[in-house]
Structures are given as structure tokens and as C-alpha cells.
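Everything on this sheet refers to the single structure shown next.
The values are calculated or read from the model by the stated rules, or taken from the named source; none is laboratory data. Quantities reported herein were computed from a predicted structural model and do not represent experimental measurements. In this analysis, Cβ positions are derived from the backbone assuming ideal geometry, glycine residues included, and neighbour counts consider all displayed protein chains. We work out accessible area using only protein heavy atoms, side chains counted, and drop any ligands, DNA or RNA first. Shrake-Rupley method; radii C 1.70, N 1.55, O 1.52, S 1.80 Å.
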Amino acid sequence: YQWFAGGGGGGAYPDPSYRSDGGVGGGGDSGYNPSKNGLSATYSTGGGGGGAAGNGPLGGSGGSGVVVVRYQIGASQSGSAKATGGSISYYSGKTIHAFTGNGTFATTSDWSAATVEYVVIGGGGGGGQDDGGGGGAGAVKIGTTPIGAHPVSTAIQVGAGGVQKTAGTPSYFGTPITAPGGGYGGTDPSPAPGG
């Protein structure tokens, strides 16, 4: 799961050689000189925004989260979905629903009660002004849950990445399965700790 929820790189002032890359999993790089903003994290990874390298520039935005749901389909039903919502694809005998924005996972009339697998990743935190990188998503939730007989409609929320010095927001697959957003980067001077 290294492709998700990387932390943002910390900025450095005034020496640009102290800048840092964002973490593996979509984290934004820090600003590389006192006039450069931190870079934003990669969309749909829950990565944290990069910290700015000075007091004038801004920290990068955190990456939005993602919700992915998949379930087994019969060999004779390859390439068929038994629910709607998200971007639908098929791999290795399973149907996959990937949500990069809010939506609804809703069963269709040919759905039979089944257990689905899920990955839920919150939005990443925004980078701080003058140094601190934003935190990656506050949690990556991976598991299984039963879905009953049709009709079932489950609300999906995809957390937004935080802008400079604000936390990311949570993602959920139905409210019981929630992954919080990542904390925001700290700010200098003061010092003001991150969230």
C-alpha cells in the first residue's frame, strides 16, 4: 500500500539544499528556495502537501482521498457489475468500483448478498508555511464487510485534501467505515505545531 498516504516534504529556510521530497504515496515535495511554494500532493492518494521553504510562500495542498470497493463475480458473469457507482473496472474475476468523488454504491436487481472488500483513504493534510510538510491521510482502512440483499444503497464520501495549514477531511464507505484526514504541517515562527 505504498502508493497511498505519503507525508509531505518539509521545507528548509534559507538553505535550499535542506529541502526534502514528499513521501512515497503521493506526498508533495517541499519548496526548494525561500520564494517557492510547497508542491501539492497527488490527487486521489491521500498524500500530504509539501511545506513552503520560507515565510512568504504557501504550503502545498494535500491530495484527495479515494474509496475502492470490489466483489467476486461468477466465471460466467465476467465483465458484469451487480452494483452502480464510481468508475467500474474488472480484474481477476472481480468487479471494482473506484470512487474519486462523493457518490453512492447501490446494488442492482441481480445482486445477491455478498461480502465486499474495501480500501478507504482520507484526504491528506496541507503543508505548513515555512517548513512543515502536511501529514498523509489520517488512516488507510482496509477490510471486508457484508452487503445484504438488494436493494442496498451506501453513501460514499471522498475526503478533500487540506489547503495550506488545514487538515484533510475524512473519507467513508457508509459512516461506520471512516478514514480520517491527515494533519496539517507546522508553521514557523512561533513555533506553531502541526495538526
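Identify the residue in the stretch 119-131 that is outside any strand (DSSP E or B) and closer than 20 Å to residue 159 by Cβ and, among all such residues, is farthest from the chain's Cα centre (by Cα).
At the first step, the residues of the stretch 119-131 found to be outside any strand (DSSP E or B) are 122-131.
Next cut, closer than 20 Å to residue 159 by Cβ only: 122-128.
Working: 122: 4, 123: 4, 124: 6, 125: 10, 126: 12, 127: 15, 128: 18 Å.
Ranking the candidates gives 128 first.
Which one is farthest from the chain's Cα centre (by Cα), of the residues in the stretch 158-174 that are within 19 Å of residue 118 (Cα to Cα) and of a type outside the set (A, V, I, L, M, F, W, C)?
Per the criteria, the residue is 174.
Could you tell me which residue of the stretch 45-56 is farthest from residue 164 (Cα to Cα), considering only residues that are open to solvent by 10 Å² or more (accessible area, probe 1.4 Å) and touching a residue at least 60 places away in the same chain (Cβ under 8 Å)? I'd like the intermediate steps shown before the answer.
Quick first cut of the stretch 45-56, residues open to solvent by 10 Å² or more (accessible area, probe 1.4 Å) only: 45, 55-56.
Narrowing the set further to residues that are touching a residue at least 60 places away in the same chain (Cβ under 8 Å) leaves 45, 55.
Working: 45: 17, 55: 13 Å.
Ranking the candidates gives 45 first.
When the residues of the stretch 132-145 are narrowed to those that are part of a strand (DSSP E or B) and aliphatic (A, V, I, L, M), which ends up farthest from residue 44 (Cα to Cα)?
If we filter the stretch 132-145 for residues that are part of a strand (DSSP E or B), which is where we start, we get 140-145.
Next, from what is left, pick out any that are aliphatic (A, V, I, L, M): 140, 142.
Working: 140: 12, 142: 16 Å.
Here the residue is 142.
Just a yes or no: is a residue in the stretch 173-185 open to solvent by 50 Å² or more (accessible area, probe 1.4 Å), at pLDDT 90 or above and assigned to a strand (DSSP E or B)? Outline the logic, then answer.
First, the residues of the stretch 173-185 that are open to solvent by 50 Å² or more (accessible area, probe 1.4 Å): 175-176, 180, 184.
Within this subset, residues satisfying the condition of being at pLDDT 90 or above are 180.
Add one more test, that the residue is assigned to a strand (DSSP E or B), and what stays is none.
Looking for residues that are open to solvent by 50 Å² or more (accessible area, probe 1.4 Å), at pLDDT 90 or above and assigned to a strand (DSSP E or B), one finds none in the stretch 173-185, hence no.
Just for the stretch 146-169: of the residues that are outside any loop (DSSP other than H, G, I, E, B) and hydrophobic (A, V, I, L, M, F, W, C), which one is farthest from residue 41 (Cα to Cα)?
From the stretch 146-169, those outside any loop (DSSP other than H, G, I, E, B) are 146-147, 153-157; that's our starting set.
Next, only the ones that are hydrophobic (A, V, I, L, M, F, W, C) stay: 147, 155-156.
Numbers: 147: 33, 155: 26, 156: 22 Å.
The residue in question is 147.
This table checks each residue for (1) modelled with pLDDT of 80 or more; (2) of a type in the set (A, V, I, L, M, F, W, C).
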| site | (1), (2) |
| --- | --- |
| 11 | no, no |
| 23 | no, no |
| 34 | no, no |
| 39 | yes, yes |
| 54 | no, no |
| 70 | yes, no |
| 75 | no, yes |
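Would you please name the residue that is modelled with the lowest pLDDT, looking only at residues in the stretch 119-162 that are surrounded by fewer than 21 Cβ atoms within 10 Å (Cβ to Cβ) and either under 30 Å from residue 187 (Cα atoms) or of a type in the set (Phe, Trp, Tyr) (or both)?
139
So, of the residues in the stretch 84-107 that are open to solvent by less than 40 Å² (accessible area, probe 1.4 Å) and not in a strand (DSSP E or B), which turns out to be nearest to residue 71 (Cα to Cα)?
93
Is there a residue in the stretch 94-109 that is at pLDDT below 90 and either of a type outside the set (Lys, Arg) or touching a strand residue (DSSP E or B) at 6+ places or on another chain (Cβ under 6 Å) (or both)?
First, the residues of the stretch 94-109 that are at pLDDT below 90: none.
Checked the stretch 94-109: no residue is at pLDDT below 90 and either of a type outside the set (Lys, Arg) or touching a strand residue (DSSP E or B) at 6+ places or on another chain (Cβ under 6 Å) (or both).
Of all residues in the stretch 108-118, which are outside any loop (DSSP other than H, G, I, E, B) and surrounded by 14 or more Cβ atoms within 10 Å (Cβ to Cβ)? Spell out the reasoning first.
First, pick out the residues of the stretch 108-118 that are outside any loop (DSSP other than H, G, I, E, B): 114-118.
Within the stretch 108-118, 114, 116, 117, 118 qualify.
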